[in-house]
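Peer 1: Dropping a structure here in structure tokens format, bear with me for questions.
No value in this document is a laboratory result; all are computed from the given coordinates. What you see is a predicted model, and the numbers here were worked out from it, not measured in a lab. Cβ placement follows ideal geometry from the backbone for every residue including glycine, while neighbour counts extend to all protein chains displayed.
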Amino acid sequence: MAFTPTKETYSGKVYPVTVGTGETAVTFGGENVLPFHSFEGSIPNRPVIAMEIQDVPPSDWPENVRKPFEAVSDDPVKWAKFCQDELKAKAIALRLVGTHPDRENRSPEDASKTVKDVLAAITIPLIILGSNHAEKDSQVLVAVAEAAKDKNCLIGKAQEANYKTIAAAAMANNHKLIAMSELDINLSKQLNILISQMGFEKERLVTDPMCSALGYGIEYTYSVMERIRLAALTQNDTTMQPPMLGDVGMYVWKVKETQAPEADLPQWGSTEERGIAWEAVTATSLIIAGAELLIMRHPAAVAAVQKTLEELV
Amino acid sequence: MLIIGEKLSIIAKKVREAMMKKDKGPIQEIATRQWKEGSGIIDANIGPAEDGGEDLMQWMVTTIQEVVPLPVCLDTTNASAIEAGLKVHNNQWGRPLINSTSNDPERFPILELGAKYNSQVIGLTVGKGGLPADAEERAAIAADIMGRAMEYGVPLEDLYLDPLVLQIATSQDHALKVIEAIRMFQEMNDPPMKTVVGLSNISNGCPKHLRPILNKYYFLMLMNAGLTSAIADAREMAEALEEKKLFDDVLAGKEIEDAAKMQEMKKTIDVIKGNTLYAHSYLEM
């Protein structure tokens with residue numbers, strides 16, 4: 001008798017979300033099975049990796065991840081072009097960290113100019129992130145949403161404290177929206193409900209259940225992502241069907257393992273290799289948990305994860 | 001069904017202030033109201049009560065029993081406050097109930113008090129190491145508590161097993177595990193063990209308008225599983241009992257005339273059973 005593998009059937013499906021315009025637009029999500037379960041259904045799109053850049057020089061990044069961008073990171077336009085042209089990035093994630101009141105406190109107008117300049121220089125899709133200061137983001141993201149009108153960007157992150165203004169701006173200017181809650185599946189669902197109750201289509205949302213780095217609580221992120229995906233697929237919970245984001249780079253490149261010098265910890269081996277591996281492993285774990293969009297920093301880590309994806313999906 | 005009136009708790013501001021000032025008025029008013037609404041025992045939750053717990057518990061017991069012909073549930077972690085309360089408890093209105101012993105060695109002496117004062121005792125199925133993972137773990141702890149109760153001389157018919165209700169907003173999967181534990185507890189003895197829950201914890205952290213809905217329907221599902229008593233709001237539970245027939249119909253998959261009520265019940269059943277993920281706006285979906 002021939003062997004027949006057991007197959008699960010799922011009642012739900014993840015919404016496909018497209019970011020960007022024209023030929024270089026990217027689509028992620030759209031599958032009706034758990035990650036990599038292509039034998040049970042359809043996975044029309046590979047997870048997408050966006051490369052992270054900043055509006056201000058990355059003085060807070062550790063040396064090993066600063067180095068590959070040394071020649072370009074003084075200017076977000078050069079940095080974006082480098083990622084697109086040299087590193088063949090599929091998308092750019094511009095983090096407006098310089099708008100944070102405790103950093104350079106750049107104004108919404110300055111941020112809008114940066115966004116316009118970057119958009120003019122690249123053809124690949126743009127993700128625009130605030131500084132994660134709820135109050136300031138609700139000014140900055142509203143301004144940049146308008147500056148990027150009709151470019152079909154992904155804007156974020158909308159949180160419980162500021163989702164109304166940010167969602168309204170994303171809606172008015174035809175963008176997609178990231179909804180972030182802090183590692184709580186019930187609050188993540190609630191935020192998606194609240195945003196869709198404003199009239200924002202849930203098919204235009206991306207859920208960020210909040211990332212964490214390998215060794216620093218990744219099991220919480222993993223478990224929340226897994227449960228969100230199971231609710232989407234097995235319970236056909238439409239509020240949990242937007243694709244998920246893993247904002248990997250910013251969490252990975254601040255932990256000790258990506259920075260501690262080999263001279264201090266010879267048993268840990270090369271700092272550079274270790275950091276790249278840490279980012280690649282964190283990202284790959286979250287893809288297995290269900291993430292469809294990743295924001296990453298180191299070109300070698302991006303290449304490693306991209307290779308894995310190409311071999312497996 | 002025995003309702004243990006939950007309203008005299010130190011967590012409520014009005015009650016706390018009355019306790020601090022030893023102002024009998026509000027305490028007696030709330031106790032009387034709960035009695036009239038159908039409570040069979042009045043819970044007196046004085047918190048950890050590390051300082052002056054003995055006096056406070058005695059004052060609570062006598063204040064309540066001055067106006068209400070009911071026994072009191074002595075609810076504190078302070079064992080000597082419980083003993084002080086038991087000394088003045090008027091057993092003419094029924095035997096007192098102690099809340100609670102557990103699998104934590106610090107709570108074992110509570111059973112001595114139960115035996116010494118011929119009081120009933122709640123056995124909360126938690127250990128020292130944190131929350132029970134599932135119904136089986138709750139049942140295993142229940143077995144330990146039952147064995148210990150017999151050792152200390154508390155008859156099993158005087159023991160109420162409490163599976164520990166957790167908040168649905170953060171621990172949704174436990175809602176069904178607690179219902180399952182109520183079923184399992186009964187099978188652990190013949191006649192079946194008595195059971196109790198701190199009901200309103202199910203809706204703790206939920207928006208205010210959801211709380212009675214979750215409390216009532218969860219109560220009815222627990223009742224179907226054989227629950228014998230609940231620390232709860234007697235008025236809310238009376239409402240629940242009025243809706244029981246309709247609720248059982250919806251639970252059985254039947255249509256009821258009131259479409260809005262049916263949706264409310266169906267969605268709440270789905271959330272309790274874990275068929276849909278809880279969110280504060282689940283009724284609006």
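Peer 1: How high is the relative contact order of chain B, given as a whole-number percent (alpha carbon pairs under 8 Å, six or more residues apart)?
Peer 2: Once normalised by length, the contact order is 15 percent.
Peer 1: Taking the Cα atoms only, what angle lies between the long axis of helix B:259-273 and the longest principal axis of chain B, rounded to 10 degrees?
Peer 2: 60 degrees
Peer 1: What list of ³J(HN,Hα) values in whole Hz, one per residue of region B:81-86 in order, does the Karplus curve 6.51 cos²θ - 1.76 cosθ + 1.60 (θ = phi - 60°) give from phi, with Gly and Pro shown as x?
Peer 2: Rounded to whole hertz, the list is 5, 5, 4, 4, x, 5.
Peer 1: Okay, moving on. If you line up the Cα atoms of region B:2-98 on their principal axes, what length do they span on each, largest first, in Å?
Peer 2: Reported extents, whole Å, longest axis first: 32, 26, 20.
Peer 1: Another question, then. Which whole-number percentage describes the relative contact order of region A:157-269, with Cα contacts under 8 Å and a sequence gap of 6 or more?
Peer 2: About 22 percent, as a whole number.
Peer 1: Rank B:273, B:22, B:177 by mean-square fluctuation in a GNM of chain B with C-alpha springs under 10 angstrom and give only the top-ranked residue.
Peer 2: Looking only at B:273, B:22, B:177, the biggest GNM fluctuation is shown by B:22.
Peer 1: Report relative contact order for region B:44-122 in percent, whole number only (criteria: Cα-Cα under 8 Å, sequence separation at least 6).
Peer 2: Answer for region B:44-122 is 28 percent.
Peer 1: By a straight-distance test (C-alpha under 21 Å), which lysines pair with residue B:13 as possible cross-link partners, with residues fewer than eight away in the same chain excluded?
Peer 2: B:21, B:22, B:24, B:208
Peer 1: Separate question: In chain A, which helices (entire DSSP H runs) extend 24 Å or more along their own long axis, judged by Cα positions, while averaging at least -0.5 on the Kyte-Doolittle scale?
Peer 2: A:271-289
Peer 1: Still on this structure: For chain B, take the longest principal axis of its alpha carbons; what is the angle in degrees between that and the long axis of helix B:53-67, to the nearest 10 within 0 to 90?
Peer 2: 70 degrees
Peer 1: Take every Cα-Cα pair in chain B and report what % of them are more than 36 Å apart. Before the final figure, lay out each step's value.
Peer 2: Numbers: 5756 of 40470 pairs.
Counting every Cα pair in chain B, those more than 36 Å apart make up 14 percent.
Peer 1: Spin-label point model (7 Å from Cα, Cβ direction): what's the residue B:29 to residue B:137 distance in nm?
Peer 2: 4.4 nm
Peer 1: Hey, got the average number of other protein chain Cβ atoms within 10 angstrom for residues in A:224-237?
Peer 2: Across the residues of A:224-237, the mean count of other-chain Cβ atoms within 10 Å is 1.
Peer 1: Okay, next question. Can you tell me the Rg and Dmax of region B:94-233, counting just the alpha carbons, in angstroms?
Peer 2: Looking at region B:94-233, its Cα Rg and Dmax stand at 14.6, 45 Å.
Peer 1: Please arrange B:206, A:211 by counting, for each residue, the other beta carbons lying within 10 Å of its beta carbon, fewest first.
Peer 2: Numbers: B:206 18, A:211 26.
Fewest-to-most ranking of B:206, A:211: B:206, A:211.
Peer 1: Straight-line reach only, C-alpha to C-alpha below 18 angstrom: list the aspartates and glutamates that residue A:67 could link to, leaving out same-chain residues fewer than 8 apart.
Peer 2: Of all the aspartates and glutamates, those that pass the test against residue A:67 - Cα under 18 Å, at least 8 places apart if same chain - are A:52, A:55, A:75, A:85, A:86, A:257, A:262, A:272, A:273, A:279.
Peer 1: Assuming R0 = 51 Å, what is the FRET efficiency of residue B:51 and residue A:198, from their Cβ-Cβ distance, to the nearest 0.05?
Peer 2: Numbers: r = 51 Å, r/R0 = 0.99.
Plugging the Cβ-Cβ distance into 1/(1 + (r/R0)^6) gives 0.50.
Peer 1: Considering only DSSP beta bridges whose two residues both sit in region A:17-312, what percent are antiparallel, to the nearest 5?
Peer 2: Approximately 10 percent, going by the DSSP bridge assignments.
Peer 1: Here is a follow-up. Taking the Cα atoms only, what angle lies between the long axis of helix B:211-224 and the longest principal axis of chain B, rounded to 10 degrees?
Peer 2: Orientation of helix B:211-224: about 90 degrees from the principal axis.
Peer 1: Using a 10 angstrom cutoff on alpha carbons, build the Gaussian network for chain A and name the most mobile of A:136, A:151, A:88.
Peer 2: Comparing A:136, A:151, A:88 in the GNM, the peak value goes to A:88.
Peer 1: How high is the FRET efficiency between residue B:248 and residue A:38 when r is their beta carbon distance and R₀ equals 35 Å, given to the nearest 0.05? Don't skip to the answer; put the middle values down first.
Peer 2: Numbers: r = 45 Å, r/R0 = 1.27.
With R0 = 35 Å, the Cβ-Cβ based efficiency is 0.20.
Peer 1: Now for a different question. Would you please state which residues of region A:278-304 a label at residue A:88 would reach in this model, taking the label point 7 Å out along Cα→Cβ and a backbone N cut-off of under 14 Å?
Peer 2: Answer for this model: A:300, A:302-304.
Peer 1: Oh, and also: How big is D, in µm² s⁻¹, for region B:200-254 by Stokes-Einstein at 20 °C and 1.002 mPa s if Rh is the Kirkwood radius over C-alpha pairs?
Peer 2: Value of D from the Cα-based Kirkwood radius: 185 µm²/s.
Peer 1: Roughly what % of DSSP beta bridges within the protein assembly as shown run antiparallel, to the nearest 5?
Peer 2: On the way: 4 of 58 bridges.
That works out to approximately 5 percent antiparallel.
Peer 1: Per residue of A:177-190, how many C-beta atoms from partner chains lie within 10 Å of its own C-beta, taken as a mean?
Peer 2: Partner Cβ neighbours, averaged per residue: 3.
Peer 1: Treat region A:17-312 as a sphere of radius equal to its Kirkwood radius over Cα pairs and apply Stokes-Einstein at 4 °C in a medium of 1.567 mPa s; give the translational diffusion coefficient in µm²/s, rounded to a whole number.
Peer 2: 68 µm²/s
Peer 1: Then there's this: For the protein assembly as shown, state the semi-axes of the equivalent ellipsoid (square roots of 5 times the eigenvalues of the alpha-carbon gyration tensor), sorted largest first and rounded to whole angstrom.
Peer 2: Working: eigenvalues 605, 134, 121 Å².
Output for the protein assembly as shown: semi-axes of 55, 26, 25 Å.
Peer 1: Between their Cα atoms, which of B:244/B:267; A:90/A:176; A:189/B:216; B:177/B:267 are more than 21 Å away from each other?
Peer 2: In this structure, A:189/B:216 exceed 21 Å between Cα atoms.
Peer 1: Mind giving me the FRET efficiency for residue A:120 and residue A:3? R0 is 60 Å, r the Cβ-Cβ distance, nearest 0.05 is fine.
Peer 2: My answer for the efficiency is 0.60.
Peer 1: While we're looking at this one, here's another question. Running a GNM on chain B with Cα contacts under 10 Å, which residue among B:20, B:262, B:60 ends up with the highest mean-square fluctuation?
Peer 2: B:20
Peer 1: For chain A, what is the calculated [θ] at 222 nm in deg cm²/dmol (nearest 500), taking -39500 (n - 2.57) for each run of four or more DSSP H residues and dividing by its residue count?
Peer 2: Estimated from H runs of four or more residues: -11500 deg cm²/dmol.
Peer 1: Across region A:78-235, how large is the tail of the calculated P(r) beyond 29 Å, expressed as a percent of all Cα pairs?
Peer 2: On the way: 2422 of 12403 pairs.
So the portion of pairs separated by more than 29 Å is 20 percent.
Peer 1: Can you give me the distance in nm between label points at residue A:270 and residue B:189, each placed 7 Å from the Cα along the Cα-to-Cβ direction?
Peer 2: With each label point 7 Å from Cα toward Cβ, the separation is 6.8 nm.
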